[in-house]
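The values are calculated or read from the model by the stated rules, or taken from the named source; none is laboratory data. What you are looking at is a predicted structure, and each value in this text was computed from that prediction instead of being measured. Note that we place each Cβ from the backbone using ideal geometry, even for glycine, and neighbour counts take in every protein chain shown. Heavy atoms of the whole protein, side chains included, go into the accessibility calculation; ligands, DNA and RNA do not. Shrake-Rupley method; radii C 1.70, N 1.55, O 1.52, S 1.80 Å.
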Amino acid sequence: MSKTLYLMRHGQTQFNQLHKIQGACDSPLTKKGIADAKKVGQLFQREGIEFDHAYSSTQERACDTLEQITKQPYQRLKGLKEWNFGVFEGESERLNPPVDKSVGSYGDFFVPYGGESADQVQRRVNQTLIEIMERPDNQQVLAVSHGGAIHMFVLKWVKEHKLHISNCSAMKFSYDNKAFNYEKTIEVND
């Protein structure tokens, strides 16, 4: 029987606004980030979308986003955390290396600088989301994570990946037999 996952990126943060690299480090949501998260919650309500379980990265920006969307209890999971960019954390996004087009990511670039590889992030997020969806009572799930982590997950499951993962966007996946199938993206309209 197919289950449903809504995988959402957190709302805009101060570091997003300042174009700073934010992976393992954290910065608070902006007023726009809070307002957009509330809009997503209202959209889910209007559409009659309810979640039997909710999960968030352990990072504050993801938890704060989820708390604006729903008042239901949720579980924080380290497996949903953002990519660790090592010493590049908090620095200008201009320092990001070019994306390796053959793999669609930064590959191993951040490893020598104390960060994670693309493969490590992809395995961690994928394993966490499979474990969530394999829980017998999880039928319709909300998980709030981060742009880089979600990107690596999407690279595994969405062929011809050209999806933009904006702040507060929610990607809907069906899940069956340990496989995810992308259905659509829900964006906040300004």
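Some points to look at:
- Residue that is surrounded by the most Cβ atoms within 10 Å (Cβ to Cβ), among those in the stretch 14-26 that are over 22 Å from PRO97 (Cβ atoms) and of a type in the set (S, T, N, Q): GLN14
- Considering the stretch 138-164, and only residues there that are assigned to a loop (DSSP other than H, G, I, E, B) and either modelled with pLDDT of 95 or more or in contact with a His (Cβ under 6 Å, 6 or more places away or on another chain) (or both), the residue that is surrounded by the most Cβ atoms within 10 Å (Cβ to Cβ) turns out to be HIS146.
- Annotation for the stretch 87-94: no member residue is open to solvent by 20 Å² or more (accessible area, probe 1.4 Å), in contact with a Lys or Arg (Cβ under 6 Å, 6 or more places away or on another chain) and in a strand (DSSP E or B).
- Of all residues in the stretch 167-178, those satisfying the criterion of being closer than 21 Å to PHE51 by Cβ and either part of a loop (DSSP other than H, G, I, E, B) or open to solvent by 40 Å² or more (accessible area, probe 1.4 Å) (or both) are ASN167, CYS168, SER169, LYS172, ASP176, LYS178.
- Between LYS101, LYS81, the distinction of being open to solvent by 30 Å² or more (accessible area, probe 1.4 Å), over 17 Å from the mean Cα position of the chain (by Cα) and either of a type in the set (A, V, I, L, M, F, W, C) or at negative phi (or both) belongs to LYS101 only.
- Flag if GLY107 is buried (at least 16 other Cβ atoms within 10 Å of the Cβ), small (Gly, Ala, Ser) and either in contact with a strand residue (DSSP E or B) (Cβ under 9 Å, 6 or more places away or on another chain) or in a helix (DSSP H, G or I) (or both): no
- The set of residues from the stretch 113-137 being closer than 14 Å to ALA54 by Cα, in contact with a helix residue (DSSP H, G or I) (Cβ under 8 Å, 6 or more places away or on another chain) and surrounded by fewer than 18 Cβ atoms within 10 Å (Cβ to Cβ) comprises just one member, GLU131.
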